[in-house]
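J.: Questions regarding the structure given below will be posed in turn.
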Number of protein chains: 2
Amino acid sequence: MYKNFDFKVLIEHGNARIGSLRTPHGVISTPAFIFCATKASVKSLDMRAVKDCDTQIILSNTYHLMLQPGEKTVRTLGGLHKMTGWNGPMMTDSGGYQIFSLGYGSVSEELKGKQRRRGASLIKIAENGAYFRSYIDGSLRHLTPERSMEIQRMLGADLVVVLDECTPFHTSYDYTKESTLMSMRWATRSREEFERHDDGSQALYCVIQGGIYQELRQMNCEFANDAAFFGNAIGGSLGSCKQQMYDTVQMTNSMLDKGRPVHLLGIGNVVDIFHGALLGVDTFDCVYPTRIARHGAALVKPANRDNPSKEYINLNSAHCRGNIDPIESDCPCYTCKTHSRGYLHHLLKARELLAYSLITIHNIRFMNDLMQLVRRAIANRTLERELAIWNLN
Amino acid sequence: MYKNFDFKVLIEHGNARIGSLRTPHGVISTPAFIFCATKASVKSLDMRAVKDCDTQIILSNTYHLMLQPGEKTVRTLGGLHKMTGWNGPMMTDSGGYQIFSLGYGSVSEELKGKQRRRGASLIKIAENGAYFRSYIDGSLRHLTPERSMEIQRMLGADLVVVLDECTPFHTSYDYTKESTLMSMRWATRSREEFERHDDGSQALYCVIQGGIYQELRQMNCEFANDAAFFGNAIGGSLGSCKQQMYDTVQMTNSMLDKGRPVHLLGIGNVVDIFHGALLGVDTFDCVYPTRIARHGAALVKPANRDNPSKEYINLNSAHCRGNIDPIESDCPCYTCKTHSRGYLHHLLKARELLAYSLITIHNIRFMNDLMQLVRRAIANRTLERELAIWNLN
């Protein structure tokens, strides 16, 4: 299994490491950031622009694509690579995260002490899988471990993920334990289904659940280490604050097979990336850089911040009006080489679609350059010093 | 005057002609289509993509830019070329068309026999200029011939246009005559203001008004021919049907100085382009190809039509679902080389911004290829035969 895939750790310093992840569609230098192409599109950009930003790998979401246009249509169109025109490495998630996060209600509601609610979309979680309603047409859907594997096979990404139940922070220890045990059974079913159809084109990641509970994380890590997964993804609740998140990642990572790549699901911003890399995470995915771009926020290096506590500048801000400077004068991206903050401000105010693609270009390039800096800092043993520079006051 | 500009007619056949229009930012092969960058952006595309489609020239709208971000801001940002990153030839209109078309109400209302209304935006037309309200903040604005020239100077396009009153079809002969006379006085004031500040970076077009009335068009043409305008733009009402439009263009063109380039304002679709080129029009501008793209309509050659009476296919249509063919298999654009109709259909249904840019890329490339075909057909004396092939049933 996994003969077309390979993960090599090239340099280690503490838990941080530089690696090389080989897929049938190319080699990824890790630590790497994976950009979201949720509905088979990196929002607002064509793949020439995505590639021009030195992007290594993108991720599409099984949940969204199974509902629209449907995995059969994606297969008819030649799979995600052919359909999107992205020839590099790709990942898909399992579909579980969206089903459960929509079902449980948002984290922000939870933090505000609002009642835990079941969203309209999630109908039932059973041993067999999850029943939910399509947000497109309201139809009843059933996602099982086997179906998630089948769908991901039809989507055709290089890296695929087992179906898991993703429990939020408010979940009790008992529920989390039962859920983690069920996710492990689902992981076994996912792997068996994966192996039944394995043709060498995909590699499977286990998801490590267990919430903030060390013994549950340990149980899941040992389970994963003992089975033929290619890599591991750290999922589920990572706690209620940043420090708990870092602690949970550290605790989980310490128990995982060091020879396998580690993905941190849905994380994160710049400081999270530094912490994650220090803790040994190899890949990250998050909508953050592309989503904030569509709100007019452009990521900047510490020296270019206008507010030390913010890692981005807001191009909607009135003081960008008529500003002839680029987002960052030391940035090599197309947007910074071509356009002023004043022009981007104008495009945002005029609601011109171009605003969103130009700022997205900058943010993607920024994240890719950041990951290069992280890799260089690991090699130079300066990653902690870099974190201190980049950390927010 | 106009030492950095030049217009040469290279080949003529009947009234149709191939020309070469030199500007400080490059040479345009005519007949040429000018793409709208209304608010200093070709909607949804960065200028790399616009150029990659073999675009020769773009047009921005004085009316929109004077209101947002304001001509002073555009000048602060280095003018339209620097601000937008478009290094090729550019045109701006005078601002008149939008003021008056918004003021008079839409043509469709007129055709449906609804009451002629004054829109909220147009307050008053006086000898001195037009008073109107900003659609951005409701502020009272006053556009005079001199102000239009000043604004266009600050915007900095290569080709600029005199301020005129643009009268719609329902206007009486008497009103049209008085209006045309006033537009001629405004044109003189525009030219005098233009000459006071001429630094060789811009060339001025007169606008020919006069509605459908030959003697008014003749009066305006003779006025234009006798003054030092670089080119002429045919404006105002061209009649109530296609044939009357072609007749009015032919009648107007026959009276214009053949040594100057002729622009046809706001026209048009594919068949209009053929007719215009046959009648001797050198440049066209219209939002049509970029606007219909954002509604999911992709222009196609006659052989690729799914309905002989439509020059585009509708990618929203259910029969595009799962369709592996490109928009046109014989199109060299990035979109057709990379993506299927099925993918574009999916992006439209999912409301992904990428849909709009990918279809816009196709339509721009289509129009540029069409203009090349028109130029070749003029050289080969086959333009009428081409029109017969492209004409809609």
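The values are calculated or read from the model by the stated rules, or taken from the named source; none is laboratory data. Here the structure is a predicted model, which means the values were calculated and not measured. Neighbour counts are summed over all protein chains in view; Cβ atoms, including those assigned to glycine, are modelled from backbone coordinates with ideal geometry. With ligands, DNA and RNA removed, areas are computed over all heavy atoms of the protein, side chains included. Shrake-Rupley method; radii C 1.70, N 1.55, O 1.52, S 1.80 Å.
J.: If you go through region B:349-358 one residue at a time, do you hit one that is touching a residue at least 12 places away in the same chain (Cβ under 8 Å), open to solvent by less than 10 Å² (accessible area, probe 1.4 Å) and aliphatic (A, V, I, L, M)?
T.: Checking region B:349-358: at least one residue is touching a residue at least 12 places away in the same chain (Cβ under 8 Å), open to solvent by less than 10 Å² (accessible area, probe 1.4 Å) and aliphatic (A, V, I, L, M).
J.: Here is a further query. Pairs please, first residue from region A:253-274 and within 8 Å of A:Ile234 (Cβ to Cβ), second anywhere and charged (D, E, K, R), Cβ atoms under 7 Å, 6+ apart in sequence or on different chains.
T.: Once the first residue is within 8 Å of A:Ile234 (Cβ to Cβ) and sits in region A:253-274, its partners that are charged (D, E, K, R) give A:Val262/A:Asp282; A:His263/A:Asp282; A:Leu265/A:Asp285.
J.: In region B:282-296, how many are more than 14 Å from chain A (Cβ to nearest Cβ) and part of a helix (DSSP H, G or I)?
T.: 3
J.: While we're here: Could you check region B:257-281 and list, in sequence order, the residues that are open to solvent by 10 Å² or more (accessible area, probe 1.4 Å) and part of a loop (DSSP other than H, G, I, E, B)?
T.: The answer is B:Asp257, B:Lys258, B:Gly259, B:Arg260, B:Leu265, B:Gly266, B:Ile267, B:Asn269, B:Leu279.
J.: Something else: So which residues in region B:131-170 are assigned to a strand (DSSP E or B), under 22 Å from the mean Cα position of the chain (by Cα) and surrounded by fewer than 24 Cβ atoms within 10 Å (Cβ to Cβ), if there are any at all?
T.: B:Leu143
J.: Residues that are assigned to a loop (DSSP other than H, G, I, E, B), touching a helix residue (DSSP H, G or I) at 6+ places or on another chain (Cβ under 8 Å) and farther than 30 Å from A:Asn87 by Cβ: does region A:171-184 have at least one?
T.: Looking for residues that are assigned to a loop (DSSP other than H, G, I, E, B), touching a helix residue (DSSP H, G or I) at 6+ places or on another chain (Cβ under 8 Å) and farther than 30 Å from A:Asn87 by Cβ, one finds at least one in region A:171-184, hence yes.
J.: Do we find a residue being away from chain A (no Cβ under 11 Å) and at pLDDT 95 or above anywhere in region B:64-76?
T.: yes
J.: In region A:330-348, which residues are away from every other protein chain (no Cβ under 14 Å) and open to solvent by 20 Å² or more (accessible area, probe 1.4 Å)?
T.: Once the filter is applied, which keeps residues that are away from every other protein chain (no Cβ under 14 Å) and open to solvent by 20 Å² or more (accessible area, probe 1.4 Å), region A:330-348 yields A:Asp330, A:Pro332.
J.: Which condition breaks for A:Ile327 when tested against (1) open to solvent by less than 20 Å² (accessible area, probe 1.4 Å); (2) in contact with an Asp or Glu (Cβ under 8 Å, 6 or more places away or on another chain); (3) away from chain B (no Cβ under 13 Å)?
T.: Of everything listed in (1) open to solvent by less than 20 Å² (accessible area, probe 1.4 Å); (2) in contact with an Asp or Glu (Cβ under 8 Å, 6 or more places away or on another chain); (3) away from chain B (no Cβ under 13 Å), A:Ile327 misses just condition (2).
J.: Could you check, for region B:39-56, whether at least one of its residues is assigned by the TED database to the domain that holds B:Glu146, open to solvent by 20 Å² or more (accessible area, probe 1.4 Å) and farther than 17 Å from B:Arg365 by Cβ?
T.: Looking for residues that are assigned by the TED database to the domain that holds B:Glu146, open to solvent by 20 Å² or more (accessible area, probe 1.4 Å) and farther than 17 Å from B:Arg365 by Cβ, one finds at least one in region B:39-56, hence yes.
J.: From the residues in region A:2-22 that are out of contact with any strand residue (DSSP E or B) (no Cβ under 9 Å at 6 or more places or on another chain) and part of a strand (DSSP E or B), which one is most open to solvent (accessible area, probe 1.4 Å)?
T.: Filtering region A:2-22 for residues that are out of contact with any strand residue (DSSP E or B) (no Cβ under 9 Å at 6 or more places or on another chain) and part of a strand (DSSP E or B), the one most open to solvent (accessible area, probe 1.4 Å) comes out as A:His13.
J.: Looking at region B:332-346, can you tell me whether even one residue there is hydrophobic (A, V, I, L, M, F, W, C), at pLDDT 95 or above, within 23 Å of A:Lys82 (Cα to Cα) and in contact with a Pro (Cβ under 8 Å, 6 or more places away or on another chain)?
T.: For region B:332-346, residues hydrophobic (A, V, I, L, M, F, W, C), at pLDDT 95 or above, within 23 Å of A:Lys82 (Cα to Cα) and in contact with a Pro (Cβ under 8 Å, 6 or more places away or on another chain): present.
J.: Name the residues in region B:48-88 that are of a type in the set (Gly, Ala, Ser) and assigned to a helix (DSSP H, G or I), would you?
T.: Passing the criteria: B:Ala49, B:Gly79.
J.: Please find, within region B:297-323, the residue that is nearest to the other protein chains (Cβ to nearest Cβ) out of those that are over 20 Å from B:Asn269 (Cα atoms) and out of contact with any Leu (no Cβ under 6 Å at 6 or more places or on another chain).
T.: B:Gly322
J.: Select, from A:Ala355, A:Ala379, the only residue that is of a type outside the set (Phe, Trp, Tyr), part of a helix (DSSP H, G or I), closer than 28 Å to A:Glu12 by Cβ and not assigned by the TED database to the domain that holds A:Phe33.
T.: Step by step, each of A:Ala355, A:Ala379 is checked, and only A:Ala379 is of a type outside the set (Phe, Trp, Tyr), part of a helix (DSSP H, G or I), closer than 28 Å to A:Glu12 by Cβ and not assigned by the TED database to the domain that holds A:Phe33.
J.: Still on this structure, please answer the following. What are the residues in region B:313-334 that are outside any loop (DSSP other than H, G, I, E, B) and free of Cβ contacts under 8 Å to residues at least 40 places away in the same chain, if any?
T.: B:Ile313, B:Asn314, B:Ala318, B:His319, B:Cys320
J.: (1) surrounded by 23 or more Cβ atoms within 10 Å (Cβ to Cβ); (2) within 14 Å of chain B (Cβ to nearest Cβ): which one isn't true of A:Leu59, the others all being true?
T.: (2)
J.: Pull up region A:25-38, narrow it to residues that are open to solvent by less than 10 Å² (accessible area, probe 1.4 Å) and assigned to a loop (DSSP other than H, G, I, E, B), then point me to the one that is nearest to the other protein chains (Cβ to nearest Cβ).
T.: By that ranking, first place goes to A:Ala37.
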